[in-house]
There are 2 protein chains.
Amino acid sequence: MDSFFNLKTPEEVYKIIEQFGPSGEEPVSLGAALGRILSHDIISPEDLPHFARSVVDGYAVRARDTFGASESLPAFLDVVGEVQMGQYPAAMVSEGQAVRISTGGMLPEGADGAVMLEHSMSMEGNTIAVSRPISPLENVIQPGDDFSKGSTVLKKGHCLQPQDLGVLAGLGESQIPVYKRPRVAIISTGDEIVSVDKQPLPGQVRDINRYTLGAFCRRNGAVPLHIGLCPDSFETLKTSAEEGLSRADTVWISGGSSVGTRDITLRVFEALSDFELLVHGISISPGKPTIIGRSGSQPVIGLPGHVASALVVAEVFLTPLLSRLSGRDLISGVQQPSVDAILARNIESASGREDYIRVRLIREADELIAEPIFGKSGLISTLVEADGLVRVAMNTEGLYKGHRVKVLLTGALR
Amino acid sequence: MDSFFNLKTPEEVYKIIEQFGPSGEEPVSLGAALGRILSHDIISPEDLPHFARSVVDGYAVRARDTFGASESLPAFLDVVGEVQMGQYPAAMVSEGQAVRISTGGMLPEGADGAVMLEHSMSMEGNTIAVSRPISPLENVIQPGDDFSKGSTVLKKGHCLQPQDLGVLAGLGESQIPVYKRPRVAIISTGDEIVSVDKQPLPGQVRDINRYTLGAFCRRNGAVPLHIGLCPDSFETLKTSAEEGLSRADTVWISGGSSVGTRDITLRVFEALSDFELLVHGISISPGKPTIIGRSGSQPVIGLPGHVASALVVAEVFLTPLLSRLSGRDLISGVQQPSVDAILARNIESASGREDYIRVRLIREADELIAEPIFGKSGLISTLVEADGLVRVAMNTEGLYKGHRVKVLLTGALR
């Protein structure tokens, strides 16, 4: 079969994937922005904080009034008021005076620092004894200390985290410019496939890829659209692929596993408008018969029919593809959750291709042990037993027991 | 302030959190089950696969007809038909015969193995020459090889991944029993807090915790309910907390940062029905003034007002709390995404408490370098600069530059 393929290396495929980009932008409300990708830099519209705030509970003072203070020779100050939270301070601080303040309170006029409650002692009347000096601006944050007006807060391409939403809230940004989530049209093809609610007859199996690929998309911030089940027929599959292109940003066909189906998938792709074949076979196992092309600017993908192979191709190549379509910056885009572990036994591998081996992780004392899961290639039970994948690089003949390997997490541990 | 607190160690707090559990179960459709937690073991309702399948493209044969075959002395077999995908094979295999079969095709009667296409050669007429012997059952998976009827497929407490949905689809499980997502009532309190769409006056700041805690909940599979903004008033806060208890599984109040607000939060908790105070202060920095209690079986949490402290407490203690409320099994529940890195400089720390230091990760050659982010405690810009947290254990005085540390990922790299 190799003769039909002009296999690309994984590195070549990654480069090819870089030609794709996001399909558009939209504003989302702040409460819905978790995990979305910024389509513009966020520039601070104002100084944050916008007033000088105390970062301690204590007293707003003039720092110079505390200079030289010590336990044995404290500085005595008159307490002339208290800062109410959320209000412009009524009191102001003159020489020899202090104003009670809570963490987050606005520094009153005249004060240039705050003494911690722990470093003061209440005396008779309204007097306090301060036992340690502070320097000017001590225990205070100034306007713009977080972000000054016009500075860059977050960059285009950044994937928004809880703390980012907090900063955006602090700046009053309630509508956030993000890239649209990529929509992925998923088509399962094969005469033997029936939908999940059917009882398969002998020779038939239920549609698995619809669910695995759909969930894979969701996990990567994309929106799966299930186009449907297709028998191995050129016309039907072409209609489905065209429907997918009109409704989604990319079309993924997971082939039935027969040779005939694979041929039909390629012929259908070649019949799409403005089609270019970019990848026809990858030097990777499992996943060799993968097809990548484009119809206009839309990537079209032909995946192996068996779920185990399709998921390896998804983890390895469609994660970066979805990053590109999401507009995610490359640094975070290529990052996938992984752990280091010690290989529990030798793995043989053919040179000239990249192998992905499913492993189970076992914690022994302080180490994680990666135990390869072997089993006939058609099984799906190995998928749920595995915690991750170990990559065996192209020009090695395997990996040795006891060596430290990187495990790409694919299971519940990620 | 320490005198008001009977500080608990982090270990004590983790134990206390273990008393909480999920609030109920519900069925979800398979397509919506990603990330949900199984509330029952899944038992295979049938053998999977339910018929013998070829895992190669080639010929279904009787293994014994290939015994002794070699390149120089091949076995010659008559091809008597072809297995159609998805159909019960019309042909059967007798002595000296072969039937063409694709990957995933049903093995015809009489055959007990499959010869790979690559190990056969078409001869004149319908004859093939097989150049390698196969053993019985070679290149074939048998009924029940994946799961036999009655065997356990996935365990209660498991967080469903794409591949798990695939296996469930293969078994025809379209409705999945899962625990309900925990609902979290979030209340921000403090006289200085205004909503995000308001222009704050001097002394006021916008509500940040609503968004950070809400997104934190979503990231952990929980559903945030925003109860509202509360001024520092006992009655208003009590009404809000009770509304939260009636609508959600747990109530989280992020206090204004003033001492007064903290006192009100505790008094409100103590006024709730069947209340027990479990934790009043934790020996951790930041996050010491955290309160954990229960009203009946519902956890109620008082968080520090400052977003940086509240998020550390959330990452460290509320992640396991949400795991418990989600019904997630403990092994995966305590796992949080982390990487190893080399510390870029010394970190000092007070003995007797656990410190969490924000760090930025920098890739240098093959190593990740963790660079502590310093800055005044009241800032929020440090949050978006940080990739993660480094824990300094309780009974150490710090960590040294050059040492290998574990970084709990809190940013976009996770």
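The values are calculated or read from the model by the stated rules, or taken from the named source; none is laboratory data. Only a predicted model underlies this, so the values are computations on that prediction, with no experimental measurement involved. Cβ sites come from the backbone with ideal geometry, for glycine too, and all protein chains shown count toward neighbours.
The residue list B:392, B:359 contains one member that is closer than 28 Å to residue B:289 by Cβ, touching a Pro at 6+ places or on another chain (Cβ under 6 Å) and either more than 10 Å from chain A (Cβ to nearest Cβ) or of a type in the set (Val, Ile, Thr) (or both), which is B:359. Cβ-Cβ contacts under 7 Å between residues 6 or more apart (or on different chains), taken from a first residue in segment B:222-245 that is within 14 Å of chain A (Cβ to nearest Cβ) and within 18 Å of residue B:195 (Cβ to Cβ) to a second residue that is assigned to a helix (DSSP H, G or I) and among the basic types (Lys, Arg), are listed as B:224/B:218; B:225/B:247; B:226/B:210.
If you check A:68, A:58, which single one turns out to be in contact (Cβ under 8 Å) with a residue 24 or more places away in the chain, more than 36 Å from the chain's Cα centre (by Cα), crowded, with 23+ Cβ neighbours inside 10 Å and more than 10 Å from chain B (Cβ to nearest Cβ)? Testing whether each residue is in contact (Cβ under 8 Å) with a residue 24 or more places away in the chain, more than 36 Å from the chain's Cα centre (by Cα), crowded, with 23+ Cβ neighbours inside 10 Å and more than 10 Å from chain B (Cβ to nearest Cβ) leaves just A:58. When B:341, B:412 are checked against the criterion of being part of a strand (DSSP E or B) and buried (at least 20 other Cβ atoms within 10 Å of the Cβ), B:341 stands alone in meeting it.
Checking each residue in segment B:282-299 for being touching a strand residue (DSSP E or B) at 6+ places or on another chain (Cβ under 7 Å) and under 13 Å from residue B:13 (Cβ atoms) picks out B:282, B:283, B:284, B:288, B:290, B:291, B:292, B:293, B:299. All of A:383, A:379 fail the test of being buried (at least 19 other Cβ atoms within 10 Å of the Cβ), within 13 Å of chain B (Cβ to nearest Cβ), over 28 Å from the mean Cα position of the chain (by Cα) and touching a residue at least 60 places away in the same chain (Cβ under 8 Å), apart from A:379. The sole residue among B:35, B:21 that is in a loop (DSSP other than H, G, I, E, B) and at positive phi is B:35. Strands (runs of 3 or more DSSP E) fully within segment B:158-254 that include at least 1 residues being on the phi > 0 side of the Ramachandran plot and modelled with pLDDT under 95: B:223-230. In the condition set (1) free of Cβ contacts under 8 Å to residues at least 60 places away in the same chain; (2) part of a strand (DSSP E or B), residue A:153 is compliant with all but (1).
If you go through segment A:166-217 and keep only what is more than 7 Å from every other protein chain (Cβ to nearest Cβ), touching a residue at least 60 places away in the same chain (Cβ under 8 Å) and among the hydrophobic types (A, V, I, L, M, F, W, C), you end up with A:168, A:171, A:176, A:178, A:184, A:185, A:186, A:187, A:193, A:213, A:217.
Can you name every one of the strands (runs of 3 or more DSSP E) wholly within segment A:74-117 that holds 3 or more residues which are under 18 Å from residue A:138 (Cβ atoms)?
Qualifying strands (runs of 3 or more DSSP E): A:97-101, A:113-116.
Of the residues making up segment A:43-58, at least one is outside the structural domain of residue A:123 (by TED's automatic domain parsing), closer than 21 Å to residue B:376 by Cβ, of a type in the set (S, T, N, Q) and assigned to a loop (DSSP other than H, G, I, E, B). Restricting attention to segment B:343-361, does a residue exist that is more than 20 Å from residue B:397 (Cβ to Cβ), in contact with a helix residue (DSSP H, G or I) (Cβ under 7 Å, 6 or more places away or on another chain) and in the same structural domain as residue B:380 (by TED's automatic domain parsing)? Yes, segment B:343-361 has at least one match.
Conditions (1) farther than 26 Å from residue B:164 by Cβ; (2) outside any loop (DSSP other than H, G, I, E, B); (3) under 21 Å from the mean Cα position of the chain (by Cα), marked per residue:
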{"position": "A:269", "(1), (2), (3)": "yes, yes, no"}
{"position": "A:277", "(1), (2), (3)": "yes, yes, no"}
{"position": "A:292", "(1), (2), (3)": "yes, yes, no"}
{"position": "A:299", "(1), (2), (3)": "yes, yes, no"}
{"position": "A:312", "(1), (2), (3)": "no, yes, yes"}
{"position": "A:315", "(1), (2), (3)": "no, yes, yes"}
{"position": "A:319", "(1), (2), (3)": "no, yes, yes"}
{"position": "A:323", "(1), (2), (3)": "no, yes, yes"}
{"position": "A:357", "(1), (2), (3)": "no, yes, no"}
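Taking the numbered list (1) polar (S, T, N, Q); (2) within 23 Å of residue A:105 (Cα to Cα); (3) surrounded by 23 or more Cβ atoms within 10 Å (Cβ to Cβ) in turn, residue B:233 passes all entries but (3). For residue B:83, the conditions (1) in contact with a helix residue (DSSP H, G or I) (Cβ under 7 Å, 6 or more places away or on another chain); (2) surrounded by 22 or more Cβ atoms within 10 Å (Cβ to Cβ); (3) under 30 Å from residue A:313 (Cα atoms) all hold with the exception of (1). A single member of A:16, A:42 is in contact with a Leu (Cβ under 6 Å, 6 or more places away or on another chain) and surrounded by fewer than 20 Cβ atoms within 10 Å (Cβ to Cβ), and it is A:16. Residues that are more than 20 Å from residue B:315 (Cα to Cα) and crowded, with 16+ Cβ neighbours inside 10 Å within segment B:350-368 comprise just one, B:368. Candidates in segment B:129-160 are the residues that are of a type in the set (Val, Ile, Thr) and within 10 Å of chain A (Cβ to nearest Cβ); of these, the one that is nearest to residue B:118 (Cα to Cα) is B:140. Of the residues making up segment B:133-146, those that are out of contact with any Pro (no Cβ under 9 Å at 6 or more places or on another chain) and on the phi < 0 side of the Ramachandran plot are B:133, B:134, B:135, B:136, B:138, B:140.
All of (1) surrounded by fewer than 17 Cβ atoms within 10 Å (Cβ to Cβ); (2) in contact with a helix residue (DSSP H, G or I) (Cβ under 9 Å, 6 or more places away or on another chain); (3) modelled with pLDDT under 95 hold for residue A:275 with one exception: (3).
How many residues, within segment B:288-308, are within 14 Å of chain A (Cβ to nearest Cβ), buried (at least 21 other Cβ atoms within 10 Å of the Cβ) and touching a residue at least 60 places away in the same chain (Cβ under 8 Å)?
6
Note on segment A:106-129: residues that are within 48 Å of the chain's Cα centre (by Cα) and either at pLDDT below 95 or of a type outside the set (Gly, Ala, Ser) (or both) total 10.
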